[in-house]
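In what follows, a structure is listed as structure tokens, so that the remarks can point back to it.
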Amino acid sequence: MKSKDVFSFAFGAVRLRKMRAGLTILGIVIGIAAIVALTSITTGLQVTITSELGAGFSSDTVTVSTQSFGMFGGGSSDFTLLVNDTDTINEIDGVQTSAAIMSKSVMLDFGSTELPLSVTGVDYTAYASIYSSFVAEEGSIPETPANDSVVIGSRLTDPWDNGTVLAEVGDTILISWTHRVGLEMVEENYTAEVVAVLEEIGGFSMGPSDLGLYIPLSTAQSFFDTDEVNSIAVKLVSDDEEFVETVSKAI
């Protein structure tokens with residue numbers, strides 16, 4: 001091999017080694033930047049969730065649910081909750097009141113627009129006594145509601161925040177629920193009149209929602225042909241941590 005070839009290979013190896021070193025350093029810098037960014041995002045998310053939870057969840061309220069939640073998602077338990085289970089819960093020492101909650105996925109027809117959302121059946125009075133955010137800004141929430149009444153969240157009046165009003169007090173909404181009966185899919189329809197629009201709640205809430213749609217519990221039982229509920233919200237007489245834990249175990 002000629003001398004100039006030896007020097008050429010030598011300098012080539014040096015340049016290649018410098019390039020590799022540079023790429024390694026660049027990779028380390030990018031990795032550190034990514035970790036810092038991810039940490040910042042995670043920290044910000046944690047702060048947001050914590051503050052929203054604090055704003056939307058009352059510490060004297062517990063929820064009894066048939067869903068179990070864990071690291072790999074939630075699943076149904078081997079027991080069911082029924083509407084009249086509130087009678088048993090209300091007899092437990094330390095319980096002020098409770099409200100059964102029945103939710104189903106439906107299609108809402110506002111006349112000009114259709115939206116897939118959830119409808120929630122609740123006892124208006126019991127629900128309002130647990131969640132102070134269940135308050136009407138327009139119309140009024142009746143103590144003895146008609147079977148065709150519906151209360152909607154503030155965002156359902158203008159969901160796109162562009163002045164497009166979908167529904168307001170006095171309007172009617174067609175609620176469609178599709179379910180299986182044997183081998184056939186059956187569609188049930190129910191026309192409801194808006195009696196109240198809730199005040200804006202904002203943020204994360206364990207109770208009422210700005211996109212919520214609420215019908216009387218008795219109407220939900222009849223329409224969905226079931227007494228089974230998704231959860232029961234329970235308000236306790238105290239928010240003391242040990243007290244809440246004791247009553248929760250009793251429930």
Find the residue count for region 117-146, including only residues that are among the hydrophobic types (A, V, I, L, M, F, W, C) and in a strand (DSSP E or B). 4
Of the listed residues (S231, S248, S218), the one being of a type in the set (G, A, S), within 25 Å of V62 (Cα to Cα) and not assigned by TED's automatic domain parsing to the domain that holds S103 is S248
Residue by residue through region 105-122, note down the ones that are within 19 Å of the chain's Cα centre (by Cα) and either surrounded by 12 or more Cβ atoms within 10 Å (Cβ to Cβ) or not assigned by TED's automatic domain parsing to the domain that holds P216 (or both). V106, M107, L108, L115, L117, S118, V119, T120, G121, V122
Going through region 227-249 in order, the residues found to be more than 30 Å from V119 (Cα to Cα) and either hydrophobic (A, V, I, L, M, F, W, C) or in a strand (DSSP E or B) (or both) are F243
Which strands (runs of 3 or more DSSP E) sit wholly inside region 147-204 and have at least 3 residues that are under 19 Å from S112 (Cβ atoms)? 172-181, 184-198
Tell me, please, whether a residue that is aromatic (F, W, Y), modelled with pLDDT under 95, out of contact with any strand residue (DSSP E or B) (no Cβ under 7 Å at 6 or more places or on another chain) and surrounded by 14 or more Cβ atoms within 10 Å (Cβ to Cβ) can be found in region 199-215. yes
For D225, are the conditions met, namely being in the same structural domain as V95 (by TED's automatic domain parsing), over 23 Å from the mean Cα position of the chain (by Cα) and surrounded by fewer than 15 Cβ atoms within 10 Å (Cβ to Cβ)? yes
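The values are calculated or read from the model by the stated rules, or taken from the named source; none is laboratory data. Bear in mind that the values here come from a model prediction, so they are computed numbers and not experimental data. No Cβ is skipped: glycine too gets one built from the backbone with ideal geometry, and neighbour counts run over all protein chains shown.
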